[in-house]
1. Looking only at segment 27-60, which residues are touching a residue at least 12 places away in the same chain (Cβ under 8 Å), β-branched (Val, Ile, Thr) and surrounded by fewer than 15 Cβ atoms within 10 Å (Cβ to Cβ)?
2. Can you name the number of the only condition in (1) within 17 Å of the chain's Cα centre (by Cα); (2) modelled with pLDDT of 90 or more that Thr24 fails?
3. For segment 4-25, does any single residue satisfy the condition of being aliphatic (A, V, I, L, M) and surrounded by 10 or more Cβ atoms within 10 Å (Cβ to Cβ)?
Amino acid sequence: MPQPKKKTSHSKQGHTRHHWKAKTVTLVKCKNCGEMKLAHRVCMSCGFYNGRFILEPKVKVKKGV
């Protein structure tokens, strides 16, 4: 593979990398239960997606006494 002739300066690296941005997570309200969920995903609190029941919701169990 060809190698660069000269070192890329810090300024040039910054100009290249300024397009690399972290995207914010898109949250939407579930139509069934009203909880916030990831867009285009099954709701983890009620198990519905697009108005249909898909899976049984996970139940959190407390450890301890």
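1. Listed by number, the list holds a single entry, Ile54.
2. Failing condition for Thr24: (2).
3. No, segment 4-25 contains no residue that is aliphatic (A, V, I, L, M) and surrounded by 10 or more Cβ atoms within 10 Å (Cβ to Cβ).
The values are calculated or read from the model by the stated rules, or taken from the named source; none is laboratory data. Every value quoted in this text rests on a predicted model; they were computed, and no experiment measured them. Methodologically, a virtual Cβ is constructed for each residue, glycine included, from the backbone with ideal geometry; neighbour enumeration extends over all protein chains shown.
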